[in-house]
Amino acid sequence: MANAIEIRNLTKSYGKNRGVIDVTLDIKEGEIFGFLGPNGAGKSTTIRSILGFLKFSEGSIRVLGYDSVKDHERILENVGYMPSEAWFYGAMKVADVIKYAADVRGLDCSEEAGKLCERLKVDTGKRIKELSLGNRKKVSIVCAMQHKPSLFIFDEPTGGLDPLMQKNFFELIEEYVSEGATCLLSTHVLSEVNKYCKNAAIMREGRLTVLDSPKIDDDTFLKFYEEETL
């Protein structure tokens, strides 16, 4: 099976501040891959490097067979990315935000967007400023999923979602993956990784530990956090 993402010796530094150090990782096509780690461990830096939003110091990244630097725009055409913070123009209506996200891609995603809004119980008539954190997250999920990309990258997607919406969200991911998509799931929630991910890795202090199995017990998981904060 081919790799959806190939990272080789990725290093990104921020002067005296820690970035990521010598990260090497393969994510296979057609899987949900768990990406764990505490705040500041390097998860978001790695994700932004994958998407070509950051210039890294050393290493190389290929996404869906494309070079992350040379083929930045082509990669973004085929990726659905949901950042950890769902920021939109507060005065815009939800329906307009979702349509705008599709228009930027030059696509008519109305049918898929309608299905997603129904499954996630998104009120498209409200303005963004009227929404709770969880409801803004749902809008962000729709924007990331509606064009049915080959690769999904979610950064802390379930924060603010109630248990039913969390369940609906993962059911949607599993449906897209069953049709051939790949998902990189960055999360703090160990139970999500244990339940849904085929493989996983943990970031700590800018370095990566690839797990032999995503099934990791609470004590081992907490050890990474405790060592990080000592």
When residues of the range 11-22 are limited to those that are at pLDDT 85 or above and touching a helix residue (DSSP H, G or I) at 6+ places or on another chain (Cβ under 6 Å), the one surrounded by the fewest Cβ atoms within 10 Å (Cβ to Cβ): 12
Among residues of the range 197-213, those that are in contact (Cβ under 8 Å) with a residue 40 or more places away in the chain and surrounded by fewer than 20 Cβ atoms within 10 Å (Cβ to Cβ), counted: 6
Boolean, residue 160 is modelled with pLDDT under 90 and surrounded by fewer than 20 Cβ atoms within 10 Å (Cβ to Cβ): yes
Boolean, residue 71 is acidic (Asp, Glu) and within 30 Å of residue 7 (Cα to Cα): yes
Qualifying residue in the range 12-28 (condition: without any contact (Cβ under 8 Å) to a residue 60 or more places away in the chain, part of a loop (DSSP other than H, G, I, E, B), of a type outside the set (Asp, Glu) and within 19 Å of residue 152 (Cβ to Cβ)): no
Those residues of the range 78-106 which are in contact (Cβ under 8 Å) with a residue 60 or more places away in the chain and either in a helix (DSSP H, G or I) or among the polar types (S, T, N, Q) (or both), in sequence order: 78, 84
Residues located in the range 107-131, provided they are assigned to a helix (DSSP H, G or I), of a type in the set (A, V, I, L, M, F, W, C) and surrounded by fewer than 16 Cβ atoms within 10 Å (Cβ to Cβ): none
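The values are calculated or read from the model by the stated rules, or taken from the named source; none is laboratory data. Keep in mind the model is a prediction, meaning the values are calculated, not measured. When we count neighbours, we look across all protein chains shown, and the Cβ atoms used for this are built from the backbone with ideal geometry, even at glycine.
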